[in-house]
Amino acid sequence: MQIKELAERAGVTVKAVRYYESRGLISPDRAPNGYREYDAADVLVVREIRALLSLGLTADETVPFVECLRAGNERADVCPASLDAYRMRIAEIERRIDELATLRDQLTGLLHDAESYGHHPTQEES
């Protein structure tokens, strides 16, 4: 199949397919006329990449999952490298949650300080 059909079947744009190819995530064969030729396995790989990107992984972080599929596994996340990628992403999310909680606490403190400051009578009110 050609790039447009792959994109349609996988639910992405042609531009996305070209991007995945530029990142080395998919490697189409070339027809004698020079056109890229994709197969059903490429559809599964592109769908997996799209799903992983929607979870916040980067294109580079999808590599272990793609390799796992290409190795003949039915699922992209059953290989040790894929599990490690999940763990690393979860750890990054947990770090970000901690950072956001700290920021929330700082802002809450500033808000409380500002609110209490505004409730003190001024000299003119006394």
Leu6 versus (1) in contact (Cβ under 8 Å) with a residue 40 or more places away in the chain; (2) exposed (fewer than 15 other Cβ atoms within 10 Å of the Cβ): which is the lone unmet condition? (2)
Test: Val66 is in contact (Cβ under 8 Å) with a residue 40 or more places away in the chain, in a helix (DSSP H, G or I) and hydrophobic (A, V, I, L, M, F, W, C): yes
Selected residue (only one of Ala81, Ala85, Ala76 is at pLDDT 95 or above, surrounded by 11 or more Cβ atoms within 10 Å (Cβ to Cβ) and not in a helix (DSSP H, G or I)): Ala76
Considering every residue within segment 8-23, establish whether at least one is over 30 Å from Ile93 (Cα atoms) and in contact with a strand residue (DSSP E or B) (Cβ under 8 Å, 6 or more places away or on another chain). no
Name every residue in segment 36-60 that is in a helix (DSSP H, G or I), surrounded by 12 or more Cβ atoms within 10 Å (Cβ to Cβ) and under 9 Å from the mean Cα position of the chain (by Cα), in order of residue number. Ile49, Arg50, Ala51, Leu52, Leu53
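The values are calculated or read from the model by the stated rules, or taken from the named source; none is laboratory data. In this text, all values refer to a predicted model and were calculated from it rather than measured experimentally. Cβ sites come from the backbone with ideal geometry, for glycine too, and all protein chains shown count toward neighbours.
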